[in-house]
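Just below is one structure, and these are the notes that go with it.
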Amino acid sequence: MEKTLAIIKPDAVQAGYTGEIIKRIEEDGLIIRAMRMEHLDRKRAEGFYYVHRQKSFFNELINFMTSGPCVLLVLSAYNVINRWRNLMGPTDPKSGHPDTIRRAMGTNIERNAVHGSDSKDSAVYEVNYFFKGTEIFER
Ligand code: CMP
């Protein structure tokens, strides 16, 4: 079964949206295989967002992602990468449908409430970045 990494980002945790986001995940039929709360340090966040290291927004992104605890999740389901991305909505919350998590709970293109892997390759990298095999409950 396909897997993806989801993050409930510091803005959404701080705003008290964790439960609502988990409810949406489960109501859509996506299965939570692993979950942990973690306050990322700079090294951990920089390694995770390595592909964005040359971007103008990189430093701000790291400041944001280390500003408070996140909730890290491994989700699985048929076509879960696309299904979680559809629930999240586009990177910029204001351009998404009102039902999407980012539109409902995000603030702007940086403080956008949640993260999801964008491809099968990045899902493998991201799941393994945060979770050991023994922490992922397949059934
Ligand atoms: P995410 O899906 O976690 O992937 C990279 C993150 O960088 C993105 O969500 C946003 O939080 C942030 N990001 C992407 N584009 C921009 C931008 N133009 N300005 C600021 N932050 C951005």
Report the label-to-label distance for Tyr125 and Thr91 in nanometres (one decimal), using points 7 Å from each Cα along the Cα→Cβ vector.
1.4
The chain: calculated mean residue ellipticity at 222 nm from DSSP helix runs of at least 4, using -39500 (n - 2.57):
-10500 deg cm²/dmol
Picking from Val74, Val114, Val124, which is most flexible by a Gaussian network model of the chain using Cα springs under 10 Å?
Val124
Taking the chain, how many lysine pairs are there with alpha carbons less than 19 Å apart, if each pair must be eight or more places apart or span two chains?
9
Most fluctuating residue given options Ser67, Ser117, Ser95, as computed from a GNM of the chain linking Cα atoms under 10 Å:
Ser95
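Based on the inverse mean of 1/r over its pairs of different Cα atoms, what is the Kirkwood hydrodynamic radius of region 17-59, in Å? Numbers along the way, then the final one.
Values: mean 1/r = 0.0771 Å⁻¹.
For region 17-59, inverting the mean 1/r across all distinct Cα pairs yields 13.0 Å.
So what is the relative contact order of region 2-131, in percent, for Cα pairs below 8 Å that sit 6 or more residues apart?
So the answer I get is 39 percent.
How charged is the neighbourhood of Ala123? Take every other residue with its Cβ under 14 Å from the Cβ of Ala123, and add Lys/Arg as +1 and Asp/Glu as -1. Present the calculation step by step, with values, prior to reporting the outcome.
Details: positive: Lys3, Arg33, Arg83, Arg85, Lys120; negative: Glu2, Asp118, Asp121, Glu126.
Residues close to Ala123 contribute a combined charge of +1.
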Long-range tail of P(r) for region 2-131 (Cα pairs > 18 Å, %):
50
With just the Cα atoms defining each centre, how far is region 81-130 from region 19-64? Give it in Å.
9
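Where a number appears in this text, it was derived from the coordinates with a stated rule and is not lab data. Note that the structure is a prediction, hence the values are computed from the model and not measured. Glycine also receives a Cβ, built like all others from the backbone with ideal geometry; neighbour counts cover every protein chain displayed.
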